[in-house]
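The values are calculated or read from the model by the stated rules, or taken from the named source; none is laboratory data. Predicted model, so just to flag it, every value in this text is computed and none were measured. Cβ placement follows ideal geometry from the backbone for every residue including glycine, while neighbour counts extend to all protein chains displayed.
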Amino acid sequence: MESLYLAIPLASLMGAIIAGFFGGYIGRKGAHTATILGVGTSFVLALLALNHHVFNGAEAYNATVYTWMISEGMRFEVGFLIDNLTVMMMAVVTGVSLAVHVYTIGYMADDEHNWPNDSLAGTNSYQRFFSYISLFTFSMLMLVMSNNFLQLFFGWEAVGLVSYLLIGFWSVRPTAVYANMKAFLVNRVGDFGFILGIAAIVMYTGSLDYYEVFGKAGGLSSQTMSIFSGVEWNVISVICILLFIGAMGKSAQVPLHVWLPDSMEGPTPISALIHAATMVTAGIFMVSRMSPMFEYSDAALSFVMVTGAITAFTMGLIGVVQNDIKRVVAYSTLSQLGYMTVALGASAYSVAIFHLMTHAFFKALLFLAAGSVIIAMHHEQDMRKMGGLKKYLPITYWTSLVGSLALIGFPGTSGFFSKDSIIEVVHHSSLYGHELAYYAVLGGVFITAFYSFRMFFMVFHGQERMDQHTKEHLHETPWVVTGPLIALAIPSVIIGAMTVKTMVFGSYFGNSIFISESHNALAEFSHGFHGVWGFVEHGFKGPALYLAALGVISAWWMYIKQPGSADFFAKKFSWLHKLLENKYYIDDFNAWAFGGGSRGLGDRLWKVGDIAVIDGFFVNGSARVVGWFAGVARKVQTGLLYHYAFAMIIGVLALLTMFVIL
Amino acid sequence: MTLEALNYLTAWPEIFLLTMACIVLVVDVFISDDKRDFSYYLSQLALLGTFAMVMMVQVDGREVAFNNMFVQDALSVVLKSFILALSFAAFVYSRDYLKDRNIFKGEYYVLGLFAVLGMMLMVSANNLLMIYLGLELLSLCLYAMVAFNRDNGNASEAAMKYFVLGAIASGMLLYGMSILYGLSGSLFLSDITVAISQADDSRIGMVFALVFILVALAFKLGAVPFHMWVPDVYQGSPTAVTVFIGTAPKLAGFAMIMRLLVEAMGDLQADWQQMLIILSVLSMATGNIIAIAQTNIKRMLAYSTISHVGFILLGILAGSNEAYAAAMFYTISYAVMSLGAFGIIMLLARKGFEAEEIDDFKGLNQRSPWFAFLMLVLMLSMAGVPPTVGFWAKLAVLKMVVQMDMVWLALVAVFFSIIGVFYYLRIIKVMYFDEIADNQPLSCGRDMQITLSSNALLVLALGLYPAGLMSLCLSVFA
């Protein structure tokens, strides 16, 4: 199996290399054929691995593929840890990636229009795009397949890099450059925490290997460290919170979420692939993988849960006031990531991963549907200029409806199972902050339903608000766009019912996830589980379903029945509307405090530190001194033989004086 | 005494080289000027043959010959093979240069072969007399080689200075040796070691002798303040001779230090360590700073040599087996880099043009991107930038100094290296960013192209895989 595991990331990498380095020679067709073949191979092999582990029940595979170096007993390696958790992630990543590859052929077909004439960056941009998304697949696979922190960090940074490249793909647009810079900087903050966490792990365990570190996690929970003198902190809590700060960056949790909405500046396939289905889930995956460590720290788990709850609720609220179709989906993603994080905090890792999986399908579906709408509307993204698209885009309409229903948790859809599980598990949790989390996720259900159907109604129903020219050209998008939509719609409905039993309540994750005895929320919840139908029935008894229905009805009333009422409410609660429209002023605060602050500091350092001290004194000063000295010393070399001999004699005398006489 | 008792087979490579040098001397007299290539090939054959024999020498620890005068050990085998290889490459580089200047004569090769023989004897010496004889054989050949282009005023002046100062240094060496002989009653290194370890009253005399011997060693390597000859000789000699002087003799000098200071006078380490610190700091400071003010690249490389010698001394003064290995690694890699750099200068030179000024390198990248790249690698290596071997050499030496708890010394070394980076980078800047000044196409034989390319690439390869050379050096002192 080892060569098979190795082939999974390498097949994608090969595609990326071929399309990236030889894109000019092989042309567009060659590039997308090569990358799709590469990712397709990865997907098929990932399915084989899935079959091997899940259905044939193979043992977890943990082995080193390559030893990079051994330094002072520390092993720096490339290795794979393949178990049920990993194979599921691999299948999701490669599957979504394959769909996106196919979809991209249609989306990027006329990419040359996005570049100014004669733009150097615009040449072969199509091939470059395919190279990037294959490279992303490779990086993500390396991240999830890793068996050590070094490779995890490599994958972590590599997906960050590709995400940066892709958000700013249209590098001639200032907004795209701004957005990718922002994503990069915000992720730096998270990654700083992440690498500090890894450093702390190395410091206290002396190893980078997962299993070795996990084995020592219990011992660490009784140790303390004092970073500031006098304050003792529990080592495992510090490590876990630092690691989670990394996850907050990648998985866009408040307050490091600010980059994700802006990342929609990138081409839509990227929004679907990276910012909905895969990269943002890296943090969720990482925390689940590290469950043997997080379980020892109640403090870290509470931190995780509260962060997730805040994200789930507040980000959903922002989605309510957005008018850009992709931004609505983006805020919805943020909110759903919050749900997953809450589940992690409640020690229900399997539920988080379950929601991650179902979300990957219906969110990719919604993104691609949004993309389909955008293509049909000639790259118009403002929902206020849409409406009544149902009759022009029937396939997109129905698939969007499926995606939206799954997102709000319509009974029987995949989203229903995962979201209801989260709400129930939080209900059973006993950690500090679980009440706040419970009401946040419940309130989130109403908000989710409201903004989802607000978008749905604004786009597909009501008046046709687009201009005449656009209207004449409206037609369903080509099969490469609609094909993936249909392909994603099916699992959006059924995958939940199919897998909820094994993934959430069964022993699917086996040893890959560890839950300590004291965190038994999931176990308590499992007691009430009596089959899939029982679960659906149970859903009718809880408040969540009715909240969702209320959300849909409110949206219908405000945007279809009484179209003017939305404006009325916006005026009535103008302070709230303004707060939401400005996204709680977090961006402004960041720009003012961090942007302005660091610019001011940089300015000061530049003027005082750089120009005066370093340039003036050290660089130019020392250069002058050295130059002067060189000029003087050069004169000692007179070229006269007796001077040379004299210097030698002086040298001998000096040495004799120093060592013999003194 | 029978011939077998001399155990002369141990010295077989030297005997072969001597024979071949004599043959070249005689043959060269009888061939006409247009067949002079024959002498060249014969000399190269001599070097190759000697190299093969050195390779075949099986050393189990240590083997002596000629009544303990001559020793063959791991140190001598490794250094000899590098001396031969470096000399071989220097001969390859020199051929076109000599031909262009009408000084393509057999004497160059005969003198060169005898110089190599002198170096090999120095490396294998086990007796003060042997060291002195080897050194004189080398030095006399070098004096003559510097003056080889006798119609050139600069060369004659350089030879004169070299000769007179060399004579002073030799005198000091002899003086120091005679004191040692007087105190210990023997010329054999092993006896001197014993005498020093037992010396109490005469210790001051030993230190007195040490000063004179150290001065001669410092002169040979070109450490400040005994460096004055280096710039003048490097600049004044024909480049074909500079390349020879600037490479293999450094290894012989290193061997001489090992034999005299470490083997014979190891018990005086506390004293020579202090002396070497002074010489080393002075060399690094003077070499790096004055090199900045140079406009002539040969002179600049001369000062660069002085600064590198400072680094080699750092390794020696750290005084552990690992540190000697680091110093040896440094010496070998420096000799390889220096060989390549002078090779590039000779590549640029042509009939009636010397390419000695830094300005002659302007826009080299446009004339020949490949050789500009090679020079870039060589300069980066001299500056100590990874991934070249120069980086590892500096790192290894500095690590040893730090292990000796002389952090301040390591900081001084790093400080002056940083100053030194300037003049190496200037060459790179001139090659890549300045307007082209000389449009003549570069021409040289295929043999030179291949040797020069592999020479510079070796610097890169050793930088990527330093472990091989490093473990070789470590095995010598294990």
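Does at least one position in the stretch A:401-415 carry a residue that is touching a Gly at 6+ places or on another chain (Cβ under 7 Å) and surrounded by fewer than 24 Cβ atoms within 10 Å (Cβ to Cβ)?
Looking for residues that are touching a Gly at 6+ places or on another chain (Cβ under 7 Å) and surrounded by fewer than 24 Cβ atoms within 10 Å (Cβ to Cβ), one finds at least one in the stretch A:401-415, hence yes.
Give just the number: which of (1) in contact with a helix residue (DSSP H, G or I) (Cβ under 7 Å, 6 or more places away or on another chain); (2) surrounded by fewer than 24 Cβ atoms within 10 Å (Cβ to Cβ); (3) in a helix (DSSP H, G or I) does A:F453 not satisfy?
The number of the failed condition is (2).
Filter the stretch A:1-55 down to the residues that are of a type in the set (F, W, Y) and in contact with a Phe, Trp or Tyr (Cβ under 9 Å, 6 or more places away or on another chain) and list them by number. Walk me through how you get there before you give the answer.
First, the residues of the stretch A:1-55 that are of a type in the set (F, W, Y): A:5, A:21-22, A:25, A:43, A:55.
Across the stretch A:1-55, the qualifying residue is only A:Y5.
Failed condition for A:M503, given (1) surrounded by 15 or more Cβ atoms within 10 Å (Cβ to Cβ); (2) farther than 22 Å from A:P411 by Cβ, with all others met?
(2)
With respect to the numbered conditions (1) loosely packed, with under 15 Cβ neighbours inside 10 Å; (2) small (G, A, S); (3) in contact with a strand residue (DSSP E or B) (Cβ under 9 Å, 6 or more places away or on another chain), which one is the sole condition not fulfilled by A:G510?
With (1) loosely packed, with under 15 Cβ neighbours inside 10 Å; (2) small (G, A, S); (3) in contact with a strand residue (DSSP E or B) (Cβ under 9 Å, 6 or more places away or on another chain) applied to A:G510, the lone miss is (3).
Go through B:S368, B:S381 for me and flag whichever is among the small types (G, A, S), under 27 Å from B:T451 (Cα atoms), away from chain A (no Cβ under 14 Å) and surrounded by fewer than 22 Cβ atoms within 10 Å (Cβ to Cβ).
B:S368
Pick out the one residue from A:P478, A:P491 that is over 27 Å from the mean Cα position of the chain (by Cα), in contact (Cβ under 8 Å) with a residue 24 or more places away in the chain and farther than 23 Å from A:A300 by Cα. Don't jump to the end; show me each part of the working.
On the way: A:P491 fails: over 27 Å from the mean Cα position of the chain (by Cα).
Just a single option satisfies the conditions, and that option is A:P478.
Here are some conditions: (1) in a helix (DSSP H, G or I); (2) in contact (Cβ under 8 Å) with a residue 40 or more places away in the chain; (3) not β-branched (V, I, T). A:E112 meets all but one. Which one does it not meet?
(2)
Considering only the stretch A:559-599, state which residues are exposed (fewer than 14 other Cβ atoms within 10 Å of the Cβ), of a type in the set (S, T, N, Q) and under 28 Å from the mean Cα position of the chain (by Cα).
A:N582, A:S598
Could you look through the stretch A:51-83, keep only residues that are out of contact with any strand residue (DSSP E or B) (no Cβ under 6 Å at 6 or more places or on another chain) and among the charged types (D, E, K, R), and pick out the one that is farthest from A:F285 (Cα to Cα)?
So, considering only residues that are out of contact with any strand residue (DSSP E or B) (no Cβ under 6 Å at 6 or more places or on another chain) and among the charged types (D, E, K, R), the one farthest from A:F285 (Cα to Cα) is A:E72.
Just to check your reading of the model, which residue among A:F138, A:F130, A:F154 is over 22 Å from A:L45 (Cα atoms) and in a helix (DSSP H, G or I)? Before the answer, list the steps.
Details: A:F138 fails: over 22 Å from A:L45 (Cα atoms); A:F130 fails: over 22 Å from A:L45 (Cα atoms).
One residue alone meets the criteria, A:F154.
Being of a type in the set (F, W, Y), modelled with pLDDT of 80 or more and over 32 Å from the mean Cα position of the chain (by Cα) is the requirement here; does A:F540 meet it? Quick ask: steps written out before the conclusion?
Working: of a type in the set (F, W, Y): yes; modelled with pLDDT of 80 or more: yes; over 32 Å from the mean Cα position of the chain (by Cα): yes.
Against the criterion (of a type in the set (F, W, Y), modelled with pLDDT of 80 or more and over 32 Å from the mean Cα position of the chain (by Cα)), A:F540 qualifies.
For (1) free of Cβ contacts under 8 Å to residues at least 12 places away in the same chain; (2) under 24 Å from B:Y97 (Cβ atoms); (3) not polar (S, T, N, Q), each residue gets a yes or a no:
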{"site": "B:V402", "(1), (2), (3)": "yes, no, yes"}
{"site": "B:L411", "(1), (2), (3)": "yes, no, yes"}
{"site": "B:F415", "(1), (2), (3)": "yes, no, yes"}
{"site": "B:V421", "(1), (2), (3)": "no, no, yes"}
{"site": "B:I427", "(1), (2), (3)": "no, yes, yes"}
{"site": "B:N439", "(1), (2), (3)": "no, yes, no"}
{"site": "B:S453", "(1), (2), (3)": "no, yes, no"}
{"site": "B:L469", "(1), (2), (3)": "no, no, yes"}
{"site": "B:L474", "(1), (2), (3)": "no, no, yes"}
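Being of a type in the set (A, V, I, L, M, F, W, C) and within 17 Å of A:L256 (Cβ to Cβ) is the filter here, so list the residues in the stretch A:593-620 that pass it.
Of all residues in the stretch A:593-620, those of a type in the set (A, V, I, L, M, F, W, C) come to A:593-594, A:601, A:605-606, A:608, A:611-614, A:617-619.
Across the stretch A:593-620, the qualifying residues are A:A593, A:F594.
Look at the stretch A:539-557 and say how many of its residues are buried (at least 16 other Cβ atoms within 10 Å of the Cβ) and more than 13 Å from A:F410 (Cα to Cα).
Taking the stretch A:539-557 first, the residues buried (at least 16 other Cβ atoms within 10 Å of the Cβ) are A:539, A:544-545, A:547-548, A:551-552, A:554-556.
Still in the running and more than 13 Å from A:F410 (Cα to Cα): A:554-556.
Looking only at that region, the number is 3.
Identify the single condition in (1) surrounded by fewer than 24 Cβ atoms within 10 Å (Cβ to Cβ); (2) within 13 Å of another protein chain (Cβ to nearest Cβ); (3) within 27 Å of the chain's Cα centre (by Cα); (4) over 19 Å from B:V164 (Cβ atoms) that B:T193 does not satisfy, given that it satisfies every other one.
B:T193 satisfies every listed condition except (2).
Does A:V44 satisfy the criteria of being modelled with pLDDT of 90 or more and surrounded by fewer than 16 Cβ atoms within 10 Å (Cβ to Cβ)?
Details: modelled with pLDDT of 90 or more: yes; surrounded by fewer than 16 Cβ atoms within 10 Å (Cβ to Cβ): yes.
Considered against the rule, which asks whether it is modelled with pLDDT of 90 or more and surrounded by fewer than 16 Cβ atoms within 10 Å (Cβ to Cβ), A:V44 comes out as yes.
Can you tell me which of A:G483, A:G403, A:G415 is closer than 30 Å to A:D298 by Cβ, small (G, A, S) and part of a helix (DSSP H, G or I)? Let's see the steps before the verdict.
Numbers: A:G483 fails: closer than 30 Å to A:D298 by Cβ; A:G403 fails: closer than 30 Å to A:D298 by Cβ.
Only one candidate passes the filter, namely A:G415.
In this structure, is B:S202 within 14 Å of chain A (Cβ to nearest Cβ), over 23 Å from the mean Cα position of the chain (by Cα) and of a type in the set (S, T, N, Q)? Step through it out loud before you land on a result.
On the way: within 14 Å of chain A (Cβ to nearest Cβ): yes; over 23 Å from the mean Cα position of the chain (by Cα): yes; of a type in the set (S, T, N, Q): yes.
Answer is yes for this residue.
Could you list, in sequence order, all residues of the stretch A:633-650 that are among the aliphatic types (A, V, I, L, M), under 11 Å from B:D232 (Cβ atoms) and within 8 Å of another protein chain (Cβ to nearest Cβ)?
First, pick out the residues of the stretch A:633-650 that are among the aliphatic types (A, V, I, L, M): A:633, A:636, A:640-641, A:645, A:647-650.
Those left that are additionally under 11 Å from B:D232 (Cβ atoms): A:640-641.
Once the filter is applied, which keeps residues that are among the aliphatic types (A, V, I, L, M), under 11 Å from B:D232 (Cβ atoms) and within 8 Å of another protein chain (Cβ to nearest Cβ), the stretch A:633-650 yields only A:L641.
Here are some residues: A:Y204, A:Y296. Which one is of a type in the set (F, W, Y), in a helix (DSSP H, G or I) and over 27 Å from A:R173 (Cβ atoms)? Explain how you work it out, then say what you get.
Values: A:Y296 fails: in a helix (DSSP H, G or I).
Just one listed residue meets the conditions, A:Y204.
Might you check whether a residue that is under 29 Å from the mean Cα position of the chain (by Cα) and free of Cβ contacts under 8 Å to residues at least 24 places away in the same chain occurs anywhere in the stretch A:618-626?
Within the stretch A:618-626, not a single residue is under 29 Å from the mean Cα position of the chain (by Cα) and free of Cβ contacts under 8 Å to residues at least 24 places away in the same chain.
Which ones in the stretch B:233-255 are within 14 Å of chain A (Cβ to nearest Cβ) and crowded, with 24+ Cβ neighbours inside 10 Å? Walk me through how you get there before you give the answer.
Of the residues in the stretch B:233-255, the ones within 14 Å of chain A (Cβ to nearest Cβ) are B:233-236.
Of everything in the stretch B:233-255, those that are within 14 Å of chain A (Cβ to nearest Cβ) and crowded, with 24+ Cβ neighbours inside 10 Å turn out to be B:V233, B:Y234, B:G236.
Please enumerate the residues belonging to the stretch A:367-382 that are assigned to a loop (DSSP other than H, G, I, E, B) and touching a Pro at 6+ places or on another chain (Cβ under 9 Å). Full working, then the answer.
Just the residues of the stretch A:367-382 that are assigned to a loop (DSSP other than H, G, I, E, B), to begin with: A:377-381.
Of everything in the stretch A:367-382, nothing turns out to be assigned to a loop (DSSP other than H, G, I, E, B) and touching a Pro at 6+ places or on another chain (Cβ under 9 Å).
Among the candidates B:R259, B:R299, which residue alone is touching a strand residue (DSSP E or B) at 6+ places or on another chain (Cβ under 8 Å), among the charged types (D, E, K, R) and crowded, with 22+ Cβ neighbours inside 10 Å? Full working, then the answer.
Working: B:R299 fails: touching a strand residue (DSSP E or B) at 6+ places or on another chain (Cβ under 8 Å).
Residue meeting the stated conditions: B:R259.
Would you say A:I133 is within 15 Å of the chain's Cα centre (by Cα) and within 22 Å of A:G30 (Cα to Cα)?
Details: within 15 Å of the chain's Cα centre (by Cα): yes; within 22 Å of A:G30 (Cα to Cα): yes.
In short, yes.
For the structure I just gave you, tell me whether A:A217 is modelled with pLDDT of 90 or more and surrounded by 21 or more Cβ atoms within 10 Å (Cβ to Cβ). First the steps, then the outcome.
Numbers: modelled with pLDDT of 90 or more: no; surrounded by 21 or more Cβ atoms within 10 Å (Cβ to Cβ): yes.
Taking the combined requirement at face value, the residue does not satisfy it.
Do we find a residue being within 7 Å of another protein chain (Cβ to nearest Cβ) and more than 30 Å from A:F184 (Cα to Cα) anywhere in the stretch A:604-626? Don't jump to the end; show me each part of the working.
Looking only at the stretch A:604-626, we keep the residues that are within 7 Å of another protein chain (Cβ to nearest Cβ), and these are A:626.
So of that shortlist, the ones also more than 30 Å from A:F184 (Cα to Cα) come out as A:626.
Yes; the residues of the stretch A:604-626 include at least one that is within 7 Å of another protein chain (Cβ to nearest Cβ) and more than 30 Å from A:F184 (Cα to Cα).
Quick one: which of A:F153, A:F149 is in contact with a Leu (Cβ under 6 Å, 6 or more places away or on another chain), closer than 26 Å to A:T94 by Cα and of a type in the set (F, W, Y)?
Among A:F153, A:F149, only A:F149 is in contact with a Leu (Cβ under 6 Å, 6 or more places away or on another chain), closer than 26 Å to A:T94 by Cα and of a type in the set (F, W, Y).
Is it true that A:V177 is part of a helix (DSSP H, G or I) and in contact (Cβ under 8 Å) with a residue 60 or more places away in the chain? Break it down into steps so the answer makes sense when it comes.
Values: part of a helix (DSSP H, G or I): yes; in contact (Cβ under 8 Å) with a residue 60 or more places away in the chain: no.
So A:V177 fails the test.
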